[in-house]
Every structure is written in structure tokens, then in C-alpha cells.
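Asks: Structure in C-alpha cells, see below.
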Amino acid sequence: MNFHFTPIATDGAARAGLLHTAHGTVETPVFMPVGTAGTVKAMTADAVRSTGASIILGNTYHLMLRPGADRIEALGGLHRFADWPGPILTDSGGFQIMSLGALRTLDADGVTFRSHLDGSKHRLTPEIAVHLQDQFDSTITMVLDECTKFPSTYAETETSMALSMRWAARARAAFRPRDGYALFGIVQGGIFHDLRARSAAALIDIGFDGYAIGGLAVGEGQSAMFDVLDATVPHLPPTHPRYLMGVGTPDDLLGGVARGVDMFDCVMPTRAGRTARAYTSRGVLNLRNARHAADPAPIDPACGCPACTKHSRAYLHHLFRASEMLGPMLLTWHNITYYQSLMRGLRTAIQSRTLAAHAASLRAAWQPLAP
Ligand SMILES: [Zn+2]
């Protein structure tokens, strides 16, 4: 079975489809919970599955340093190691290396960096990044790219994008094709629309199984991000999946889906779950807030997760005040459940061609975060 994408419905630029992989089929548009170090933090794999999540993400940077790719490979790959037989997408490691700043040196061939754990020296090239993800047995491998810093000038962005395109060609050559496995290229080019178009054309010329849009949600703001999507998505082939990396808030997801993006990942719902913030159908709640201290109501009456069906806001408030680990566990469960139900609603709306009205009613119900 080849890795392939089947569109099943469209509504404007938005589309619903099926992603067929060696490890199962994924309904799109899809949100992928982030399992940085082989676990979606504070969640068992069964709990993640119970939210409806069908594909998770792993971070090559963290996994290569600890426990190491050789160890994961020897233990049967990431699917077995993490009890996730379903599809797994791994990033290339580039983003973490770049965001850990001072510890790295970039050259034309790759990047040398020191571990944030023990200071040990490591090297990542386009070929090594592909090989590590092969050792993990990643369903979807991402090419190594240079995450252009924001802000950057046009000339800096052009040079960086061109380097990423040379690396993308090397990753393609290094990738070992297997049935149901995929290699995705990453469109770069910062906020410059012509560079995005050139990057997309360069990647299509190389030929990938899917196309990601990288280098966004790095400080450019939502409207600039949406402008880049408007300028990029029309250059991507309608036959292939599109993945917006590292995005985002529920409102970002609505905007991305409406512009034709199929796949998203972000640490927001999991990170928020550990810091007492709940995403709900009425907006964001901070469960540490004193106004929840005696509230018997659930976090979100519309939600079917254990935090909402078994517990009150007052209980969650108490858990966070008492620094009980069940607080982050329950609230992460809730937030992932909310993100999955949000995406399910968008898929249904696309199929009934009511996405614009559905998105408007979601936005109208979200209230600003109370103090
Ligand atoms: Zn819930």
C-alpha cells in the first residue's frame, strides 16, 4: 500500500480527506498531539487514543539525545517503544537545534550542536536526520531545514530558503522508500510571498509525499501567517497532504483549515494542560482562578472527557492549588479531547459545506480569558 492522500470533500479552499499510511488511515484535517520524548506529556497512549487522536508527533532532537536512535531501533522502533502502533510523524530536529540558539554552528553541510542535557557534541545533516527517523520507524519523516529566524531581511531569508532546498534534495536522495511511509518537504521563505512560491516550486520539482509549511508561528502574528498561507497553498499540489508546522490556537486551526491545510501540530493544548489553562467551547479558562474554587460545574459541559464527565471545576482548581499531578493529567486529557472534537467538527462542516457558518459560530462562542 502506497502512502497517499484521498480528498473526499471540499468547501472553498478547505478540504476533508483520508491519509493512508503503513500504520493506519488518518482523517483530515487532523491535529497531531505532540509526543516530544516518546510520550504525550502526562498521558498514557490509551488516554491519547481515547481522545480520538489518530496520529502523534515525536521530536527527533529529544529522542536522538535520549534514549538515542540505536536504543529505540533495538527495542522495535518508536511505535512499540511508546505503545503507539498508529501513524507517527517525527520532525527533523532542526527546529529545536535552532531554537536552542547559542549551542549550535551551522554550515553548508549541516549543523553541529551541543546537547542541552550534558553538553555532548552532535552532528545533524540532511542524511543523518533521515537515517535517525528511519531508525525510529517514523511513518512520516520530515526533511532537515533551516528555520529562518524572525525577523529576517529578504536577502537573509532567500539565502536560508535556498540552503533548505538544497538540503531537501539531499534528504530525498537519502530516504529509503517503504510502502506506506512518507517523506515531507518543508516550504520556507519567511513572510516573503515570492520566496514561498519559489520554495514550493523547488520542492515539487524534487517530489515529496506531502508538503509542510514551516517557519510560521514564530512571531509574525496571525494575519501575516494567514497571508503567507494564502500565498503558499495555491502553489502546492491538490493531490498531496499539506501540513502547517507548530500551529496553533483553535482560531489558528480554523484559519488554516479554511485555507486548505490538512495537518497541524502544536504544544499548546498539552502545555496549557500543565499550567491550568483549559481550552473550551466557551474560550480559555484558567482553573487556578479563585472563581472556580467552589464551582460544581464541569470545565466544559459539551465535552465527554473524564475531567468533564467525572469532575468539577472546583476539583480541578483544588488539584492545581495542591500541585497534584492528576491536575495536569486530567487537564491535558481535556485539552487534547477539545482539539480532537474541534477538528472532527471541522471535518463534518467541510463535508456538509457549512464550514464558514460553523467557524463563525465557534468564534462567537469563544470569550476572552477572564482575569
Ligand atoms: Zn473535557
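Asks: More than 17 Å apart: what percent of Cα pairs in the range 1-70 qualify? Can you show the working numbers first?
Replies: Details: 1357 of 2415 pairs.
Everything past 17 Å amounts to 56 percent.
Asks: What number comes out for the charge environment of LEU103, summing +1 per Lys or Arg and -1 per Asp or Glu over other residues with Cβ under 11 Å away?
Replies: Values: positive: ARG104, ARG114, LYS121; negative: none.
That works out to +3.
Asks: If we sort 197-208, 326-337, 105-116, 127-138 on the protection proxy, mean other Cβ atoms within 10 Å, highest first, what's the order? Can you show the working numbers first?
Replies: Details: 197-208: 18.5, 326-337: 24.8, 105-116: 14.9, 127-138: 22.7.
In decreasing order of mean packing, 197-208, 326-337, 105-116, 127-138 become 326-337, 127-138, 197-208, 105-116.
Asks: Let me ask you something else. Give me, ordered by chain and number, the residues 5 or more places off LEU18 or on other chains with an amide H under 5 Å from its own placed amide H.
Replies: THR6, ILE8, THR28
Asks: Please give me the summed charge of the neighbours of ALA212: other residues whose Cβ is under 15 Å from its Cβ, Lys and Arg +1, Asp and Glu -1. Intermediate values should be presented prior to the final figure.
Replies: Numbers: positive: ARG172, ARG196, ARG242, ARG259; negative: ASP91, ASP145, GLU146, ASP209, ASP262, ASP265.
After counting each charged neighbour, the total is -2.
Asks: With everything on Cα atoms, drop me the angle between helix 326-351 and the longest principal axis of the chain, reported from 0 to 90° to the nearest 10.
Replies: 70
Asks: Whole angstrom only: what separates the Cα centroid of the range 234-268 from the Cα centroid of the range 326-371?
Replies: 15
Asks: Could you tally the net charge around PRO67, taking each other residue with its Cβ under 14 Å from the Cβ of PRO67, Lys/Arg +1 and Asp/Glu -1? Kindly include the intermediate steps, with their values, before the conclusion.
Replies: Working: positive: ARG66, ARG71, ARG80; negative: ASP70, GLU73, ASP118.
So the surrounding residues net to 0.
Asks: Pick out, in residue order, every one of the trypsin sites (Lys or Arg not before Pro) in the range 279-371 that is DSSP loop and has at most 16 other C-beta atoms within 10 Å; say none if there are none.
Replies: Values: sites: ARG282, ARG288, ARG291, LYS310, ARG313, ARG321, ARG344, ARG347, ARG353, ARG363; in loops: ARG282, ARG288, ARG353.
For trypsin sites (Lys or Arg not before Pro) across the range 279-371 that sit outside H, G, I, E and B with at most 16 neighbouring Cβ atoms in 10 Å, the list reads ARG282, ARG288, ARG353.
Asks: At a Cα cut-off below 26 Å, give the lysines reachable from LYS149, other chains included and same-chain residues fewer than 8 away excluded.
Replies: LYS121
Asks: So what's the back-of-envelope 222 nm ellipticity for the chain, counting only DSSP H runs of four-plus at -39500 (n - 2.57) apiece and dividing by all residues, rounded to 500?
Replies: -12000 deg cm²/dmol
Asks: From Cα coordinates alone, what are the radius of gyration and Dmax values for the chain in angstrom?
Replies: Gyration radius and largest Cα-Cα distance of the chain: 20.2, 60 Å.
Asks: Then there is this: Using the alpha-carbon centroid of each, what span in Å lies between the range 276-319 and the range 133-209?
Replies: So the separation of the two Cα centres works out to 41 Å.
Here, each number is a calculation from the coordinates, and none is a lab measurement. Not measured: the values here are computed from a predicted model. Cβ: placed from backbone, ideal geometry, glycine included. Neighbour counts: every protein chain shown.
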